[in-house]
Amino acid sequence: MTNDNYTGVTTGTVATACSLAALDAIMESSDIACVKVQTPKKTLDIIIDECKRLSDVKAYAVAHKNPYNDPDVTVDLAIISTVELCDKSDEKSNVVITGGEGVGKITKPGLQIPVGDYAINPGPRRMIIKNLEDKIPEGKIAKVTISIPEGRKIAKKTMNPKLGIVGGISVLGTTGIARSMSSDAYKNSIVKQLDVAAASKIKDLVFVPGNIGEKLALEQLDVTKEQIVQTGNYMGFMFEEAEKRGITEFTFFGHIGKLIKVAGGIFNTKHAVADGRREIMVAHAALCGASHEDLKRLFGSKTTDDMMDILNEIGLSVEVSNSIAEAIRERCKQRFDLDLNVVLVDMQGNYLNDNMEIANCR
């Protein structure tokens, strides 16, 4: 399908290929084994796993999204397109696209697709129309139904439930080509949380690094899942995007081992990008009066949890946590027009700093 192990095809490209194969099966009265799909980038040869003509006007085709070097939950997923030719009536387009089993439905505003419609994004819709429209007989329309049998199960591993997309996964793809470990694709997925929150006018948002932060926030704070925004490692990006949308006040909640990096001005917290946790911890411990020997012990520690044990032992854990939380607030104010309530916790969800607003805490 592609030239190397670092690129693959999107769900939108596979859905387009299946739609094209099904239409060809109707028009040519034969099953189709491979199709050429025009994507916005280039033409791709897509292998069809199964194709069957059901009648003179109806056929379906199945294809899988081939593996490539990326932890993509949709890899190896079977995608089905059923195409039926019908008499044209008042439809503006000669291609009508809908979803079937395993394709999610939109239930919240703020996304690219209106509430109530199937989560087949504009890019794949345009690609399906472009590849099919010139092959449809005069006076006919092609009704295209995309189904993903395992979509409902796979959706639990995606952002869809948080975004209010229920019943399955989304059919995605802007260029038709999926790139390995694409940071842009990941950013595009997480920023949708902000669009949904802004469109739904959700108040008192809580930003957390990831699933652990979300779990602890739900246990410790009086909030719902709809109020929680996961930033991943791209905290600076998400703060900037929040500011653009007028979201300037929220709680920043999470394990001190992740959030402490922001106190040092590190807004991409991926370990391979930057660390500095022990240096930041030692600096704040020194400001709070830790002895030279204790600073050496802190600097020799391997984890922030080990450092917090030492700070507990010498009676400085709360003071140092307060200092770090304040530094996080100041760093964010310097870079963004944001007013954050910072809540630092350990892996059990215990509060480490006491200068937070406690009104929304259980």
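Out of all the residues in segment 334-354, is one or more small (Gly, Ala, Ser), without any contact (Cβ under 8 Å) to a residue 40 or more places away in the chain and either buried (at least 20 other Cβ atoms within 10 Å of the Cβ) or within 20 Å of GLY210 (Cα to Cα) (or both)? No, segment 334-354 contains no residue that is small (Gly, Ala, Ser), without any contact (Cβ under 8 Å) to a residue 40 or more places away in the chain and either buried (at least 20 other Cβ atoms within 10 Å of the Cβ) or within 20 Å of GLY210 (Cα to Cα) (or both). Screening HIS292 on (1) without any contact (Cβ under 8 Å) to a residue 24 or more places away in the chain; (2) within 21 Å of VAL262 (Cα to Cα) shows it passes everything except condition (2). Condition test on LYS153, is it surrounded by fewer than 20 Cβ atoms within 10 Å (Cβ to Cβ), over 30 Å from LEU218 (Cβ atoms) and of a type in the set (Lys, Arg)? The answer is no for LYS153. Quick one: is ILE247 within 19 Å of ARG331 (Cα to Cα) and not assigned by TED's automatic domain parsing to the domain that holds SER170? Considered against the rule, which asks whether it is within 19 Å of ARG331 (Cα to Cα) and not assigned by TED's automatic domain parsing to the domain that holds SER170, ILE247 comes out as yes.
Here the helices (runs of 4 or more DSSP H) wholly within segment 63-168 that include at least 3 residues being within 25 Å of PRO209 (Cα to Cα) are 160-163. Each residue in segment 255-278 was checked for being farther than 14 Å from PHE207 by Cβ and outside any loop (DSSP other than H, G, I, E, B), and 8 pass.
Per the conditions (1) without any contact (Cβ under 8 Å) to a residue 60 or more places away in the chain; (2) surrounded by fewer than 20 Cβ atoms within 10 Å (Cβ to Cβ); (3) among the charged types (D, E, K, R); (4) farther than 20 Å from ILE190 by Cβ, the sole criterion not satisfied by ASP222 is (1).
LYS192 passes every criterion in (1) in contact with a helix residue (DSSP H, G or I) (Cβ under 9 Å, 6 or more places away or on another chain); (2) modelled with pLDDT of 95 or more; (3) of a type outside the set (Val, Ile, Thr) apart from (2). Only one of (1) more than 22 Å from ARG152 (Cα to Cα); (2) modelled with pLDDT under 95; (3) surrounded by 15 or more Cβ atoms within 10 Å (Cβ to Cβ) fails for SER89. Which number is that? With (1) more than 22 Å from ARG152 (Cα to Cα); (2) modelled with pLDDT under 95; (3) surrounded by 15 or more Cβ atoms within 10 Å (Cβ to Cβ) applied to SER89, the lone miss is (3).
Matching residues to (1) out of contact with any helix residue (DSSP H, G or I) (no Cβ under 6 Å at 6 or more places or on another chain); (2) more than 29 Å from LYS192 (Cα to Cα):
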position	(1), (2)
GLY254	no, no
GLY257	no, no
GLY265	no, no
VAL273	yes, no
MET281	no, yes
LEU298	no, yes
LEU311	no, yes
LEU316	yes, yes
SER323	no, yes
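Do we have PHE239 as under 30 Å from GLY164 (Cβ atoms), touching a residue at least 40 places away in the same chain (Cβ under 8 Å) and surrounded by 21 or more Cβ atoms within 10 Å (Cβ to Cβ) here? Judged against the criteria, PHE239 is a match. Residues in segment 248-257 that are in contact with a strand residue (DSSP E or B) (Cβ under 9 Å, 6 or more places away or on another chain) and crowded, with 19+ Cβ neighbours inside 10 Å: PHE250, THR251, PHE252, PHE253, GLY254, HIS255, ILE256. The residues in segment 242-281 that are charged (D, E, K, R), closer than 18 Å to VAL343 by Cα and without any contact (Cβ under 8 Å) to a residue 60 or more places away in the chain can be counted, and the count is 3.
Matching residues to (1) under 17 Å from PRO124 (Cα atoms); (2) out of contact with any Asp or Glu (no Cβ under 9 Å at 6 or more places or on another chain):
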position	(1), (2)
LEU23	yes, yes
PRO40	yes, yes
ALA63	yes, no
SER89	no, yes
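The values are calculated or read from the model by the stated rules, or taken from the named source; none is laboratory data. Because the structure is predicted, anything quoted here is derived from the model rather than measured. Cβ: placed from backbone, ideal geometry, glycine included. Neighbour counts: every protein chain shown.
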